[in-house]
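What follows is a short report on a single structure.
The values are calculated or read from the model by the stated rules, or taken from the named source; none is laboratory data. Since the structure is predicted, the reported quantities are computational estimates derived from the model, not experimental observations. All Cβ positions, even for glycine, are placed from backbone atoms using ideal geometry, and neighbour counts span all protein chains on display.
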Amino acid sequence: MPSPQKITRNAALRNACRVAGRHDSWPRCTLLGVLMLLVATAPAFAGGTRVRVESMTPAGEIASDANLTWTFSKPVASDAWIRKPLDARPVTFTPDIPGVFRWVAADKLRFYPDAQLAPSTEYMADVRAAAVEPHGLRLDGDHEFRFATRRLTIASAFLNFEFDPGVREQVKLIGASIGS
């Protein structure tokens, strides 16, 4: 005698086949049911909902003490994640920048560097897929951003020579610069 679960499952398949207008062929009906199930669950297997990184601010040439913020095309983090430091690093920097990441809004991720960024340095930030995957999302589009800290400039420079006639082949060079 079949188990109650098997009877219930068979009855559900028969009912699905009746709804589909198929009374004659169990194999065809079962195949139809499997195909319907695959079509219904395809988005989950395709990686879920897609999200893009809309922007990173500030951009271009930034101050050496700036925090960086990425804005996503839709909410990513739930309220439970807001303002809490993240254990994983959702963004990789080249060269590396130590610091802490926090979601500051459902669609905004912020990075707080541990120290001022090096001057006259070009950086690349790559938002990793791991930033959105824990939230059931898939990262789409461009997610690399380039930025730089302000270039050092020399406003003026002074150069002096000091020569001692008693010491042959030796000249002292004394210099100073004022930069910003």
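Kindly provide the set of residues from region 76-98 that are assigned to a loop (DSSP other than H, G, I, E, B), on the phi < 0 side of the Ramachandran plot and either surrounded by fewer than 14 Cβ atoms within 10 Å (Cβ to Cβ) or not assigned by TED's automatic domain parsing to the domain that holds Ala118 (or both), ordered by number.
Ser78, Lys84, Asp87, Ala88, Pro95, Asp96, Pro98
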Can you give me the number of residues within region 137-169 that are in a loop (DSSP other than H, G, I, E, B), surrounded by fewer than 12 Cβ atoms within 10 Å (Cβ to Cβ) and more than 12 Å from the chain's Cα centre (by Cα)?
9
Can you pull out every residue in region 62-92 that is of a type in the set (Ser, Thr, Tyr) and under 15 Å from the mean Cα position of the chain (by Cα)?
Thr69, Thr71, Ser73, Thr92
Would region 52-59 turn up any residue that is among the hydroxyl-bearing types (Ser, Thr, Tyr) and over 21 Å from Asp142 (Cα atoms)?
no
Which pairs turn up if I take residues in region 48-65 that are within 13 Å of Ala131 (Cβ to Cβ) and look for partners that are assigned to a loop (DSSP other than H, G, I, E, B) and acidic (Asp, Glu) with beta carbon separation below 9 Å, at least 6 apart in sequence or on another chain?
Val51/Asp107; Arg52/Asp142; Val53/Asp142
Test Arg102 against the criterion of being in the same structural domain as Glu54 (by TED's automatic domain parsing) and of a type in the set (Lys, Arg), and give yes or no.
yes
Filter region 105-125 down to the residues that are surrounded by 14 or more Cβ atoms within 10 Å (Cβ to Cβ) and not small (Gly, Ala, Ser) and list them by number.
Asp107, Lys108, Leu109, Arg110, Phe111, Pro113, Leu117, Thr121, Tyr123
What are the residues in region 128-172 that are closer than 29 Å to Ala115 by Cα and at pLDDT below 85, if any?
Leu152, Thr153, Ile154, Ala155, Ser156
